[in-house]
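The structure under discussion appears below in the form of structure tokens.
The values are calculated or read from the model by the stated rules, or taken from the named source; none is laboratory data. None of these values were measured; they are calculated from a predicted model. Cβ placement follows ideal geometry from the backbone for every residue including glycine, while neighbour counts extend to all protein chains displayed.
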Amino acid sequence: MASPVSRTVTYSPAYTLVPTYECFNRCAYCNFRFDPGKSPWLTLPDAEILLKSLQDKGICEILILSGEVHPRSSRRQAWFQLIYDLCQLALSMGFLPHTNVGPLSCEEMAKLKNVNVSMGLMLEQLTPKLLNTVHKHAPSKIPEYRLQQLEWAGELAIPFTTGLLLGIGESSGDRWETLEAISHIHQRYHNIQEVILQPHSPGSQQTFDAPPFDPHQLPELIAKARQILPSDITIQIPPNLVKEPSWLLACLDAGARDLGGIGPIDEVNPDYPHPEYQKLQQILSPAGWELVARLPVYPYFDGWLSKELQRNVKEWRSAIGASSLSVPNHL
Ligand code: SF4
């Protein structure tokens with residue numbers, strides 16, 4: 001086995017808050033959405049109770065992940081306000097928020113920058129041919145809109161996470177094109193901290209009838225992505241979607257260095273529970289990998305944050321430095 005340059009692999013001890021599962025898009029592979037009006041919105045008092053139960057449990061990141069309310073809907077403003085308020089609440093209770101709620105206006109992004117240490121949006125795939133297939137009923141998945149989000153994040157100095165969804169009808173050439181587009185944006189703005197390579201993994205609710213992306217293809221793809229992406233972008237793979245230990249290790253050998261946010265439920269892939277922390281350790285340690293907790297913002301982006309956010313981040317960095325970030329109870 002080739003000796004990797006670094007033997008550290010990171011993960012983010014995270015919990016996902018879902019403001020609402022309702023979404024006006026209907027992506028054929030979705031296992032998350034409810035029809036508009038069919039998913040009650042999370043209330044702030046309920047969120048507070050939830051967050052209280054997570055305090056002192058080693059959880060640092062609160063991922064705000066939501067279905068989308070149409071930009072022209074009369075409910076859009078209330079939806080956005082709820083997201084903003086949830087971030088503010090999480091911050092006030094000592095957590096570090098990371099919001100990923102679909103395409104936003106530039107103004108919405110600028111507001112959320114004040115209450116998030118980083119934000120994210122999967123680019124998925126750039127090829128427009130998916131608009132005739134899996135994204136036929138998903139207006140938010142117009143590739144130019146999504147690329148625009150990465151650019152606005154750059155202009156607004158927001159540390160950003162993006163990624164590819166693999167095995168939804170794209171060719172390998174399409175994948176390289178998507179990675180190259182991310183790379184170009186990063187070379188211009190230096191704002192992409194991670195790229196997730198997420199293999200399509202069929203779930204019980206989706207209508208898309210296609211096999212899972214073969215995880216055995218991942219190491220080669222990671223190696224190629226590593227060549228395309230600038231070296232300061234970390235490649236992330238979700239360990240719940242790469243179940244075979246030998247292939248998880250092969251992904252790390254190929255250049256992946258992060259396992260993403262690990263929490264009780266993968267809301268996007270609810271049929272694929274995250275592996276327990278101990279189980280991951282048992283796979284990684286014998287191969288010489290050290291599993292290390294990280295924050296949802298990478299250190300070289302700390303200076304992009306407001307003074308208030310920097311204070312919260314600093315506290316978490318010292319907690320990690322002093323190794324007092326215990327393994328979350330749910331892992
Ligand atoms: S994948 Fe996301 S955008 Fe598409 S329907 Fe599901 S929740 Fe909506």
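Looking only at the stretch 174-184, decide whether some residue is buried (at least 22 other Cβ atoms within 10 Å of the Cβ) and touching a Lys or Arg at 6+ places or on another chain (Cβ under 9 Å).
Kept after step one, since they are buried (at least 22 other Cβ atoms within 10 Å of the Cβ), are these residues of the stretch 174-184: 178-179, 182.
Subsequent filtering for residues that are touching a Lys or Arg at 6+ places or on another chain (Cβ under 9 Å) retains 179.
The answer is yes, given that some residue of the stretch 174-184 is buried (at least 22 other Cβ atoms within 10 Å of the Cβ) and touching a Lys or Arg at 6+ places or on another chain (Cβ under 9 Å).
Go through (1) part of a helix (DSSP H, G or I); (2) under 22 Å from GLY163 (Cβ atoms) for PRO13 and report which single condition fails.
(1)
Those residues that are outside any loop (DSSP other than H, G, I, E, B) and of a type in the set (Asp, Glu), I need them from the stretch 34-90; list them, please.
Hits for the stretch 34-90 are ASP46, GLU48, GLU61, ASP85.
If a residue counts only when it is within 21 Å of PHE32 (Cβ to Cβ), which strands (runs of 3 or more DSSP E) contained entirely in the stretch 180-290 have at least 3 such residues? Walk me through it before giving the result.
Values: elements: 192-199, 234-236, 258-262.
Hits in the stretch 180-290: 192-199, 258-262.
Looking at LEU259, LEU284, LEU291, can you tell me which residue is touching a Leu at 6+ places or on another chain (Cβ under 8 Å) and surrounded by fewer than 19 Cβ atoms within 10 Å (Cβ to Cβ)? Quick ask: steps written out before the conclusion?
Numbers: LEU259 fails: surrounded by fewer than 19 Cβ atoms within 10 Å (Cβ to Cβ); LEU284 fails: surrounded by fewer than 19 Cβ atoms within 10 Å (Cβ to Cβ).
LEU291 is the lone residue from the list that is touching a Leu at 6+ places or on another chain (Cβ under 8 Å) and surrounded by fewer than 19 Cβ atoms within 10 Å (Cβ to Cβ).
List every residue pair whose Cβ atoms sit under 6 Å apart, with the two residues 6 or more apart in sequence or on different chains, where the first one lies in the stretch 61-82 and is closer than 17 Å to PHE34 by Cβ and without any contact (Cβ under 8 Å) to a residue 12 or more places away in the chain and the second, anywhere, is in a strand (DSSP E or B) and within 13 Å of the ligand (Cβ to nearest atom).
Note: no pairs meet the criteria.
Residues to consider are LEU165, LEU147; find the one that is within 18 Å of the chain's Cα centre (by Cα), of a type in the set (A, V, I, L, M, F, W, C) and over 20 Å from ASP258 (Cα atoms).
Details: LEU165 fails: over 20 Å from ASP258 (Cα atoms).
None of the others qualify; the one that does is LEU147.
Identify, from the list ILE83, ILE49, ILE64, the residue that is away from the ligand (no atom under 16 Å from the Cβ) and β-branched (Val, Ile, Thr). Can you show your working first?
Numbers: ILE83 fails: away from the ligand (no atom under 16 Å from the Cβ); ILE64 fails: away from the ligand (no atom under 16 Å from the Cβ).
Result of the check over ILE83, ILE49, ILE64: ILE49.
If we keep just the residues of the stretch 180-236 that are more than 18 Å from the chain's Cα centre (by Cα) and among the acidic types (Asp, Glu), which is nearest to ASN100 (Cα to Cα)?
Filtering the stretch 180-236 for residues that are more than 18 Å from the chain's Cα centre (by Cα) and among the acidic types (Asp, Glu), the one nearest to ASN100 (Cα to Cα) comes out as GLU180.
Scan the stretch 267-278 and report the pairs whose first residue is farther than 17 Å from ASN100 by Cβ and within 16 Å of the ligand (Cβ to nearest atom) and whose second residue is of a type in the set (Gly, Ala, Ser) and part of a loop (DSSP other than H, G, I, E, B), with Cβ atoms within less than 6 Å and a gap of 6+ or a chain change.
Final answer for the pair search is ASP271/GLY203; ASP271/SER204; TYR272/SER201.
Kindly indicate which of PRO128, PRO139, PRO97 is touching a residue at least 12 places away in the same chain (Cβ under 8 Å) and within 16 Å of the ligand (Cβ to nearest atom).
Values: PRO128 fails: within 16 Å of the ligand (Cβ to nearest atom); PRO97 fails: within 16 Å of the ligand (Cβ to nearest atom).
Matching residue, one of PRO128, PRO139, PRO97: PRO139.
Looking only at residues in the stretch 55-78 that are surrounded by fewer than 22 Cβ atoms within 10 Å (Cβ to Cβ) and over 17 Å from THR20 (Cα atoms), which one is modelled with the highest pLDDT?
Residue satisfying both the conditions and the ranking: ARG72.
Being more than 8 Å from the ligand (Cβ to nearest atom), in a loop (DSSP other than H, G, I, E, B) and surrounded by 20 or more Cβ atoms within 10 Å (Cβ to Cβ) is the filter here, so list the residues in the stretch 16-33 that pass it.
PRO19, THR20
Answer with yes or no whether PRO36 is surrounded by fewer than 19 Cβ atoms within 10 Å (Cβ to Cβ), more than 19 Å from ASN312 (Cβ to Cβ) and in contact (Cβ under 8 Å) with a residue 12 or more places away in the chain. Quick ask: steps written out before the conclusion?
Working: surrounded by fewer than 19 Cβ atoms within 10 Å (Cβ to Cβ): yes; more than 19 Å from ASN312 (Cβ to Cβ): yes; in contact (Cβ under 8 Å) with a residue 12 or more places away in the chain: yes.
When the stated conditions are applied, PRO36 passes them.
So in the stretch 219-274, with the set limited to residues that are at pLDDT 95 or above and basic (Lys, Arg), which one is nearest to TYR15 (Cα to Cα)?
Checked the stretch 219-274; the qualifying residue nearest to TYR15 (Cα to Cα) is ARG257.
How about the stretch 93-168: which strands (runs of 3 or more DSSP E) wholly inside it have at least 1 residues that are small (Gly, Ala, Ser) and closer than 18 Å to VAL18 by Cα?
Details: elements: 96-100, 118-120, 160-166.
Strands (runs of 3 or more DSSP E) meeting the threshold: 118-120.
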